[in-house]
Structures are given as C-alpha cells and as structure tokens.
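The values are calculated or read from the model by the stated rules, or taken from the named source; none is laboratory data. On a predicted model such as this, the values are computed, not experimentally measured, just so you know. Cβ sites come from the backbone with ideal geometry, for glycine too, and all protein chains shown count toward neighbours. Side chains are part of the model used for accessible areas, which takes the heavy atoms of the whole protein and leaves out ligands, DNA and RNA. Shrake-Rupley method; radii C 1.70, N 1.55, O 1.52, S 1.80 Å.
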Amino acid sequence: MAATSVEVRRQRILQVAKGHFERFGFRRTRIEDIAREAGIAKGAVYLEFESKEVLLHAVIEAVLAETGRRYAAEVMGQESPRERLRATLRFAYRELARDALLERLVREDPELTVLRSLAESGDNPRKADAQVEMIRNWVREGIERGEFRADLDVDAVPFVIGLLRFLHYHTGLVTTGDRISRERLLDAVIDIFIAGLSAPAPTPPSPGKRPGRGSKR
C-alpha cells in the first residue's frame, strides 16, 4: 500500500528532526529550522507534534523501533541463553556507536530528563517490564542448562545489563592517551561479565584415578 501524503510528510519531519537533534541537541534545535529544511510550514510540524519534546519522543521511538527489528534478527535466534546475553551487549555497543542521537542527548542532559519522560509515557513502562522479564527468563534457562551459576541474583541481572549498556558513553574516562581502544575495552567488559555469570567448568578426574568408591583390588 502506497504511503499517503500525510505519512510522507510525517516521515520527512522525523528524518529532518533526527539530524537536527543529533547536530544541535535538544535545547538548541528549533522547530522553525526543521520546518524550513523539510520544506513545510512551521504550523504543519505542530499539527503532527504538539511540542518539541513530543517530536523528540517520536524520533527516538522510530529509532528504537528500527533497532528492535535488527535486534530480533541478530540476537533472538541465538540458541544459547549465555550467547544471547553476550550478543545483547555487543549489539547495544555497536548500535550506540553507529547512532549519534542518544549519545548526544545523554551528553547534553546527564540527568536523562527527556529520556526518562519517554520511558514513563504511554505503553513504554509495560514494554520495559516485558524486556526485564525476558532477560530474567534467559537467566533461569541458563541456570537450568548448567550455563549459569545457580546462585545468581536473577532479578538483578537485567538491571546490571542496563547499567553496562551506558558504559559506552563513559569509556573516554579511561581510554585517553591511546592506552586501550574503546572497542577492546567494551569487549573485555562483556567477556568479564559473561565469565562472572557462567557456571564453573566440571573438574576433570585426575589421571590414573578411577571413578567410584570401594573398588576391589
């Protein structure tokens, strides 16, 4: 089905707005500049989006929807729950490096005021709860399969992963002077995190030692 002129206009506004938010941040982005570049009247932008914050929310939701499609294709098919968690962090770091919008917003607003308001709006709290429960189920599955330690705090793991995702924005604190690349540091974080979750490998029997007890000589 062909897109209507209203849908085309909306997508054009979102495309232009994303570029402005990336370049100028939330505070310095102006609706009139977006309208001018999109080739429409300022009032037409406000017909679609009642405020600059609503427009930013729509831009972020469009970005997250596309990211979610790639995540499902690249991560959800992993058979091992341990590899799903590893792939989740690798995917997050790659996406954050690829898309400058969220990094710009976090750098401009360390308190995450705009992002928090988005997380708390509409159906997003329910979606967040569903994602948390999905990760918990992966951890439970990993414990049952012997991949993860049985003593893990299952409820906390999704929030630890959420915290680790934000490390991407703070690696500059320790990577100055070319001591280590951001990519190598983040790979090490993932490896150490997964190692901390993993169950210890079974200890092989000592050479020459027979299994069992009470064997007769």
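Against the longest alpha carbon principal axis of the chain, how many degrees, from 0 to 90 and to the nearest 10, is the axis of helix 5-28 turned?
Approximately 80 degrees, to the nearest 10.
Based on the alpha-carbon gyration tensor of the range 77-126 and its eigenvalue square roots a ≥ b ≥ c, which shape applies: rounded if a/c is under 1.5, prolate if not and a/b is larger than b/c, or oblate?
In terms of gyration-tensor shape, oblate.
Answer rounded, prolate or oblate for the chain, using the Cα gyration tensor with square roots of eigenvalues a ≥ b ≥ c: rounded when a/c is under 1.5, else prolate when a/b is larger than b/c, else oblate.
The shape class here is prolate.
Considering only protein heavy atoms and a 1.4 Å probe, what is the carbon-and-sulfur percentage of the accessible area of the chain?
Looking at the chain in its full context, I get 54 percent from C and S.
Relative to the longest principal Cα axis of the chain, at what angle does helix 182-197 sit, 0 to 90 degrees, rounded to 10?
Once rounded, one gets 50 degrees.
Tell me the GluC sites (Glu not before Pro) within the range 1-72 that lie in a loop according to DSSP and have at most 15 other beta-carbon atoms within 10 Å.
Passing both the DSSP loop test and the Cβ count: Glu50.
Cα-based count: Lys pairs in the chain below 28 Å, eight or more positions apart or different chains?
Taking the Cα cut-off of 28 Å, the pair count is 5.
Which GluC sites (Glu not before Pro) does the range 87-160 hold that lie in a coil by DSSP with at most 11 other beta carbons within 10 Å?
Hits after loop and neighbour filter: Glu111, Glu120.
Compute the accessible area per residue over the range 1-109, keeping the other protein chains in place, probe 1.4 Å, unit Å².
Roughly 55 Å² per residue, with all protein chains present.
Once a ≥ b ≥ c are taken as the square roots of the eigenvalues of the Cα gyration tensor of the range 91-217, is the result rounded (a/c under 1.5), prolate (a/b larger than b/c) or oblate (a/b not larger than b/c)?
Because a/c hits 1.5 or more and a/b fails to exceed b/c, the range 91-217 counts as oblate.
In degrees between 0 and 90, to the nearest 10, how far off the longest principal axis of the chain does helix 81-98 point, with axes built from Cα atoms?
30 degrees
With a 1.4 Å probe and every protein chain left in place, tell me how much accessible area Ile161 has, in Å² to the nearest 10.
Result for Ile161: roughly 0 Å² accessible.
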